[in-house]
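A quick write-up on the structure given underneath.
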Amino acid sequence: MAYVLGFIFADGSIFKNPRGSHYLDLTSTDLELIGKLKRLLGAEHKIGVYNSKNKKWKRRYKLQIGSRDLFSDLNKYGVVPRKSLIMSFPNIPRKYLSHFVRGYFDGDGSVNFGKYWRKARSNWTWQFSSSFISGSEKFLKTLCKILNQYNMRGAIQRKNRGYELVFSRLSSLALFKLMYHNVSTKMFLERKHNIFLKAFEKLNMRA
């Protein structure tokens with residue numbers, strides 16, 4: 001459930017409709033991930049499919065669950081309607097932190113690996129980094145402070161629509177170890193996990 005809570009902080013929302021019904025909404029461009037969240041929550045609701053008129057935008061998948069109790073429980077952890085710009089990092093017990101961080105990463109995190117041209121040296125070099133994004137600078141500052149305790153040194157940058165917490169190569173390795181070291185089942189987005197593995201192989205880094 002710490003993983004689910006992490007994802008909700010990234011790509012989830014809660015709301016009440018005009019009739020007073022309470023809902024949790026989970027949205028992602030990854031059907032694989034929405035399917036895993038549905039199984040974890042034991043939900044029987046149908047996954048909605050939404051195609052944008054803009055062909056550059058990916059198809060989106062949505063799971064919507066009506067539950068007053070779930071709405072109330074999420075409130076206790078700081079999940080509120082229209083939370084993206086105001087949310088604070090919740091109080092997560094240390095033993096569940098890796099799962100929460102992994103859930104948030106699968107929603108609003110990214111791992112980047114590829115070659116880029118170094119003009120000063122006239123050669124190609126591998127670039128490997130990871131990052132989290134959020135509309136709440138306060139959330140990312142607390143996340144950065146917590147991850148510092150796990151040998152990660154990140155920098156927060158202002159983006160057009162929010163903020164980004166960026167980690168370089170060695171800190172990305174430490175992030176991988178935190179997020180995946182005690183995962184007994186594949187409760188993570190395999191696409192992102194595999195990019196980490198590819199980077200470690202190419203760069204001869206031990207995960």
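Suppose the filter is exposed (fewer than 14 other Cβ atoms within 10 Å of the Cβ) and of a type in the set (A, V, I, L, M, F, W, C); does V49 pass it?
Considered against the rule, which asks whether it is exposed (fewer than 14 other Cβ atoms within 10 Å of the Cβ) and of a type in the set (A, V, I, L, M, F, W, C), V49 comes out as yes.
Applying the selection to region 190-205, what residues are farther than 24 Å from A155 by Cα and outside any helix (DSSP H, G or I)?
Across region 190-205, the qualifying residue is only N204.
Failed condition for P93, given (1) in contact (Cβ under 8 Å) with a residue 12 or more places away in the chain; (2) open to solvent by 30 Å² or more (accessible area, probe 1.4 Å); (3) within 25 Å of L178 (Cβ to Cβ), with all others met?
Here P93 clears every test but (1).
Looking only at strands (runs of 3 or more DSSP E) that lie completely in region 118-177, which have at least 2 residues being in contact with a helix residue (DSSP H, G or I) (Cβ under 8 Å, 6 or more places away or on another chain), open to solvent by less than 40 Å² (accessible area, probe 1.4 Å) and not acidic (D, E)?
Where strands (runs of 3 or more DSSP E) fall fully within region 118-177 and carry at least 2 residues being in contact with a helix residue (DSSP H, G or I) (Cβ under 8 Å, 6 or more places away or on another chain), open to solvent by less than 40 Å² (accessible area, probe 1.4 Å) and not acidic (D, E), they are 123-134, 162-167.
Please list, ordered by first then second residue, the pairs with beta carbon atoms under 7 Å, 6 or more apart or interchain, first in region 1-24 and at pLDDT below 95 and of a type in the set (G, A, S), second in a strand (DSSP E or B) and open to solvent by 40 Å² or more (accessible area, probe 1.4 Å).
S21/G66
If I ask for residues that are touching a Ser or Thr at 6+ places or on another chain (Cβ under 6 Å) and part of a strand (DSSP E or B), which ones from region 28-60 would you list?
R60
Out of (1) open to solvent by less than 90 Å² (accessible area, probe 1.4 Å); (2) touching a helix residue (DSSP H, G or I) at 6+ places or on another chain (Cβ under 9 Å), what's the single condition that is false for T29?
Condition not satisfied by T29: (2).
Looking at N51, N75, N91, N112 in this structure, which one is at negative phi, more than 20 Å from the chain's Cα centre (by Cα) and not hydroxyl-bearing (S, T, Y)?
The conditions single out N51.
Could you list all residues from region 1-26 that are touching a strand residue (DSSP E or B) at 6+ places or on another chain (Cβ under 6 Å) and either buried (at least 17 other Cβ atoms within 10 Å of the Cβ) or of a type outside the set (S, T, N, Q) (or both)?
D11, G12, S13, I14, F15, K16, H22, Y23, L24, D25, L26
The values are calculated or read from the model by the stated rules, or taken from the named source; none is laboratory data. Since the structure is predicted, the reported quantities are computational estimates derived from the model, not experimental observations. All Cβ positions, glycine included, derive from the backbone under ideal geometry; neighbour counts span all protein chains shown. Keep in mind that these areas ignore ligands, DNA and RNA; they rest on the heavy atoms of the full protein, side chains included. Shrake-Rupley method; radii C 1.70, N 1.55, O 1.52, S 1.80 Å.
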